[in-house]
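Notes follow once the structure below has been shown.
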Amino acid sequence: MALKKLVAGNWKMHGLSNDLAEIEAIAAASSEYPEVDVALCVPAILIERAARAVPGFPIGGQDVHHAEKGAHTGCISARMLLDAGAVLTIVGHSERRDAQRESDAEVRAKAEAALGCGLSVILCVGEMLEVREQGAAVPTVLAQLDGSLPDRSTSDAELAIAYEPVWAIGTGKVPTPSEIAEMHGAIRKRLTDRYPGEGERIRILYGGSVKPSNAAEIFAVPNVDGALVGGASLSAGDFMPIVAAAAGAG
Ligand code: PEP
């Protein structure tokens, strides 16, 4: 079953007031591709201004705390993201799993907190280079999924998975189409086993050095239902050809 593709940008720690114009440009250009869902996950401090600048265009956060509220200095709850105008959030990005030592259990709790508030979630998984070189990429990512996947019985909000090999993020290196197909196929199987009736409809995004030059080839891979895009999402000039490639992939 071909799912509508989702192309989400992850701005990471990039973006100041001046960059709202780029968000407006991306939102305006995206309206020409109704066959693709497009979203931008921007720094938390920019969410409210971005959401006001582009009404109706999905703006998201890049992380969320698992607790509803409390003594968590510097953290942001799901309700705060919603209150600021976000409609989705990333959880479990490898940069947070690494730098903030986030465990699978913590990622799962974050996903459940966000979904429970009605935020859509893009849950990231992916292996390190040594793991791929040892031939253990698929079991490692499936184990990460097993630990991170949320309980789906309490919310209808959308869950998407982003397979992001850590060694491909920001490096210009990309797995081969057959490596992506193998991993996405394994993730699809896990999702259908875990969520009977829903697993076929959960979008599986590929992330890691997606560019205008490689997007069409990646979108043609079975079970690739979109992309999570870092560096190339910072400008409409780089991002929109990726959205166009997703539209072409139907
Ligand atoms: C990311 O960090 O989610 C990502 C995919 O980054 P890039 O596209 O820059 O590799």
Point to revise | Solvent-accessible area per residue, Å², over the range 91-242 with all protein chains present [probe radius 1.4 Å] | key: 39 Å²
Review point. How do 70-80, 222-232 rank on mean C-beta neighbours within 10 Å, highest first?
Key: 222-232, 70-80
Review point. For the range 1-52, what is the accessible area per residue in Å² when the probe is 1.4 Å?
Key: 51 Å²
Practice item. Sort 33-40, 160-167 for me by packing, meaning the mean count of neighbouring Cβ atoms within 10 Å per residue, highest on top. Key: 160-167, 33-40
Exercise for review: Return the long-range amide H neighbours of Glu164 (sequence gap of 5 or more, or a different chain), with a cut-off of under 5 Å between placed amide H atoms.
Suggested key: Val125, Gly126, Gly207
Check your understanding: Which residue, chosen from Ile76, Ala2, Met13, occupies the Cα position most advanced towards the positive end of the dipole of the chain, where the dipole is computed from +1 (Lys, Arg) and -1 (Asp, Glu) charges on Cβ about the Cα centre?
Key -> Ile76
Check your understanding: Considering amide H positions built from the backbone, and no H for Pro or chain starts, which residues 5 or more places from Cys41, or on another chain, come under 5 Å of its amide H?
Key -> Gly9, Asn10, Trp11, Gly60
Review point. By average Cβ neighbour count within 10 Å, what is the ranking of 100-107, 211-218, 60-67 from highest down?
Key: 60-67, 211-218, 100-107
Point to revise | In sequence order, calculated HN-Hα J values of the range 103-116 (Karplus, 6.51, -1.76, 1.60; Hz; x Gly/Pro) | key: 8, 4, 4, 5, 4, 4, 5, 5, 4, 5, 5, 5, 4, x
Exercise for review: Work from the charge dipole of the range 41-198 (Cβ charges, +1 for Lys and Arg, -1 for Asp and Glu, about the Cα centre) and give the residue of His184, Gly116, Pro165 farthest towards its positive end.
Suggested key: Gly116
Point to revise | Share of carbon and sulfur in the accessible heavy-atom surface of the range 113-164 [1.4 Å probe, %] | key: 52 percent
Check your understanding: Given the pairs Lys12/Lys211; Lys173/Lys211; Lys12/Lys173; Lys12/Lys69, which are separated by over 21 angstrom at their Cα positions?
Key -> Lys12/Lys69
Practice item. Can you send over the carbon and sulfur percentage of the accessible area for the range 47-106, probe radius 1.4 Å, protein chains only? Key: 50 percent
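The values are calculated or read from the model by the stated rules, or taken from the named source; none is laboratory data. Bear in mind the structure is a predicted one, so any value in this text is a computation, not a measurement. Quick reminder, even Gly has a Cβ in these numbers, built from the backbone with ideal geometry, and neighbours come from all protein chains shown. For accessibility, only protein heavy atoms count, side chains too; no ligands or nucleic acids. Shrake-Rupley method; radii C 1.70, N 1.55, O 1.52, S 1.80 Å.
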